[in-house]
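Q: First the structure, which I've put down as structure tokens, then a few questions once you've had a look.
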Amino acid sequence: MAAVTPQVTQPPGSAYFLRLNRRRWDDMEIDSLGRPAATVVGAWLLLAWARFGPQLIGDLQAVVRFVLVGVYGWLALSLAIYLFDRLRGRRPNLETIVAKIGLAHQALAVGGFAIQIVQILPLPILATIVGVGSVLWMGGQLAAAITSLRQTSWIGSAPVAIAAWVGWLAVIGTYLWSRLGHLI
């Protein structure tokens, strides 16, 4: 009788933990749009708190506008990826695209939370590093999510990911910079 050797699986690495690889996005089970929507709204609420602080309560209209810019950016980014794939003859699932692109906003949520902490430190460069780092991290998550959505390699998804992220960055990033630039 042959001895059975146990299969040893390696623990997921940091790319898996940071949602920077396709396997992580393939492993996600998307059952509704609730969690992605909460991620996007939560990220933008944290960024709004970084911008307005306690004044957030007094200027609710500006906060709603701020959060809606993030939500509209999420939906526009998702729609752009969907339309690109449709034009290429693919049959993408819009709900899955919207969900995964929404979950890629996790980096902004972490960045918004980190900005809350680094604001109290007397090192303004730290807020800049956190802000730029979270936007770059979001780009990496977006690329990994698109790779999972399209079921292709990084090379096959890179043009779509870069075009989508640069477009998002040009519109939403400019808005963020104009509102949060004094903090960063």
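The values are calculated or read from the model by the stated rules, or taken from the named source; none is laboratory data. Values in this document were obtained by computation on a predicted structure and should not be read as measured data. Using ideal geometry, Cβ is built from the backbone for each residue, glycine included, and neighbour counts are taken over all protein chains shown. Just the protein is used for accessible areas: all its heavy atoms, side chains included, with ligands, DNA and RNA removed. Shrake-Rupley method; radii C 1.70, N 1.55, O 1.52, S 1.80 Å.
Q: With axes computed from alpha carbons, what is the tilt in degrees of helix 106-118 against the longest principal axis of the chain, rounded to the nearest 10 within 0 to 90?
A: 40 degrees
Q: Take residue 171 and residue 83, extend 7 Å from each Cα along the Cα→Cβ direction, and tell me the distance between the two endpoints in nm.
A: Simple spin-label model gives 0.8 nm for this pair.
Q: Okay, moving on. Using Cα pairs closer than 8 Å and at least 6 residues apart in sequence, work out the relative contact order for the chain, in percent.
A: Values: 182 pairs, mean separation 50.4, N = 184.
With pairs under 8 Å counted, the relative contact order is 27 percent.
Q: Working from Cα positions, state the angle (0 to 90°, nearest 10) between the long axis of helix 60-87 and the longest principal axis of the chain.
A: Its long axis makes an angle of about 30 degrees.
Q: To continue, here is another question. Run the accessible area of region 58-184 with a 1.4 Å probe and give the carbon-and-sulfur part as a rounded percent.
A: Answer for region 58-184: carbon and sulfur cover 72 percent of the accessible area.
Q: A further question follows. Residue by residue through region 151-158, which ³J(HN,Hα) values in whole Hz follow from phi under the Karplus form 6.51 cos²θ - 1.76 cosθ + 1.60 (θ = phi - 60°), with glycine and proline marked x?
A: 6, 10, 7, 4, 5, x, 9, 4
Q: Also: Subtracting the Cα-Cα distance from 0.36 nm times the residue separation, let me have the gained length for residue 38 to residue 16 in nm, one decimal.
A: Answer, rounded to one decimal: 5.8 nm.
Q: Go through region 89-105 residue by residue and turn each phi into a ³J(HN,Hα) via Karplus (6.51, -1.76, 1.60, θ = phi - 60°); whole Hz please, and just put x for glycine and proline.
A: Whole-Hz 3J(HN,Hα) from phi for region 89-105: x, 8, 10, x, 9, 4, 5, 5, 4, 4, 5, 5, 5, x, 5, 5, 7.
Q: Angle, helix 124-150 long axis vs. longest principal axis of the chain, Cα atoms, 0 to 90°, nearest 10?
A: 40 degrees
Q: In whole Å and largest first, what semi-axes does the C-alpha gyration tensor of the chain yield when each eigenvalue is scaled by 5 and square-rooted? Let's see the in-between values first.
A: Numbers: eigenvalues 203, 92, 44 Å².
Square roots of five times the eigenvalues give 32, 21, 15 Å.
Q: Using a 1.4 Å probe and counting only protein heavy atoms, arrange 19, 51 so the residue with the most accessible area comes first.
A: 51, 19
Q: Can you tell me how much longer the chain between residue 60 and residue 91 gets when fully stretched, taken as 0.36 nm per residue apart minus their C-alpha distance, in nm with one decimal?
A: Extra length from residue 60 to residue 91 when fully extended: 7.1 nm.
Q: A further question follows. Could you work out which residue, out of 153, 78, 14, moves most in a Gaussian network model of the chain, that is, has the largest mean-square fluctuation with Cα springs under 10 Å?
A: Highest fluctuation of the listed residues: 14.
Q: Kindly provide the helix-only [θ] at 222 nm of the chain, computed as the sum of -39,500 (n - 2.57) over DSSP H runs of four or more divided by all residues, to the nearest 500 deg cm²/dmol?
A: -22500 deg cm²/dmol
Q: Quickly work out the residue 121-to-residue 178 label distance, labels modelled 7 Å from Cα along the C-beta direction, and quote it in nm with one decimal.
A: 3.0 nm
Q: For the chain, with only Lys/Arg (+1) and Asp/Glu (-1) charged at the beta-carbon, what is the dipole magnitude about the Cα centre, in debye rounded to 20?
A: Dipole of the chain, to the nearest 20 debye: 340 debye.
Q: Counting alpha carbon pairs within less than 8 Å and at least 6 residues apart, what relative contact order, in whole percent, applies to region 31-129?
A: 42 percent
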